[in-house]
């Protein structure tokens with residue numbers, strides 16, 4: 001698997017603090033790269049596995065890695081509300097403010113589920129669905145459309161490749177149960 005981990009994620013898999021992981025990287029014991037601008041380290045999962053095996057540590061399971069959901073919504077309040085509900089359910093979330101940003105974040109954040117609003121400026125949800133067909137993501141990805149659009153438009157999203165729809169407004173319980181179902185199928 002080509003997944004990339006943060007120092008915090010690697011630390012959880014190893015049962016140590018993130019500062020310990022940073023020391024391993026800085027001493028050259030664990031190979032990692034730095035993000036431009038921010039300087040945060042990223043560790044390829046295969047490299048972490050190599051390191052753990054060399055030091056007699058139990059191999060990390062992919063299932064122990066955080067469950068990731070990318071939220072694509074141009075309304076900050078809605079994006080934050082979805083993130084809050086999913087974070088409380090144990091998901092790691094990231095928010096993209098539009099379709100273009102989502103295209104980049106699919107490759108860097110590597111989610112298995114993406115929530116997608118249909119009505120956004122510049123690149124709407126339908127264009128995102130079309131793009132996913134043309135350029136499949138690097139990981140298995142299930143798309144949940146969350147929109148206040150008409151049922152006909154929600155059905156059209158399903159026909160264009162969405163794996164589920166949730167009309168706005170929605171209950172947090174419905175959001176979490178739908179994401180759980182899609183995540184299990186990813």
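Each reported figure results from applying straightforward, stated rules to the coordinates on display, with no laboratory input. Source: prediction; values computed, not measured. Cβ placement follows ideal geometry from the backbone for every residue including glycine, while neighbour counts extend to all protein chains displayed.
Percent relative contact order of segment 66-185, based on C-alpha pairs within less than 8 angstrom and at least six residues apart? Provide the component values of the computation, followed by the final result.
Details: 206 pairs, mean separation 28.6, N = 120.
Relative contact order comes out at 24 percent.
What length, rounded to one decimal in nm, is gained on full extension from residue 176 through to residue 53, with 0.36 nm per residue of separation minus their alpha-carbon distance? Don't jump to the answer; show the numbers that get you there.
Numbers: separation 123, 0.36 × 123 = 44.28 nm, distance 3.57 nm.
Stretched fully, the residue 176-residue 53 segment lengthens by 40.7 nm.
Among 163, 107, what is the fewest-to-most ranking by other Cβ atoms within 10 Å?
107, 163
Two-decimal Rg/Rh of segment 4-59 from alpha-carbon positions, Kirkwood Rh? It would help to have the intermediate numbers written out before the result.
On the way: Rg = 10.3 Å, Rh = 11.1 Å.
So for segment 4-59, dividing Rg by the Kirkwood Rh gives 0.94.
Looking only at 124, 155, 73, which one moves most when the chain is put into a Gaussian network model with springs between Cα atoms under 10 Å?
Judging by the Gaussian network model, the answer is 155.
Please give the calculated 222 nm ellipticity per residue for the chain, where each DSSP H segment of at least 4 residues contributes -39500 (n - 2.57) and the sum is spread over every residue; nearest 500 deg cm²/dmol?
Taken over the chain, the calculation gives -13500 deg cm²/dmol.
Kirkwood Rh and Cα-based Rg: tell me the resulting Rg over Rh for segment 57-131, rounded to two decimals. Mind dumping the intermediate values first?
On the way: Rg = 13.5 Å, Rh = 12.9 Å.
On the Cα set of segment 57-131, Rg over Rh gives 1.05.
Where does the chain land on the Kirkwood hydrodynamic radius, alpha-carbon pairs, in angstrom? Let's see the in-between values first.
Working: mean 1/r = 0.0569 Å⁻¹.
Mean inverse Cα-Cα distance, inverted, gives 17.6 Å.
What residues from segment 75-93 fall in the zone where the backbone N is under 16 Å from a label point 7 Å along the Cα-to-C-beta line of residue 148?
The answer is 75-82.
Where does helix 125-134 land angle-wise versus the long Cα axis of the chain, in degrees 0 to 90, nearest 10?
In the chain, helix 125-134 runs at an angle near 60 degrees to the longest axis.
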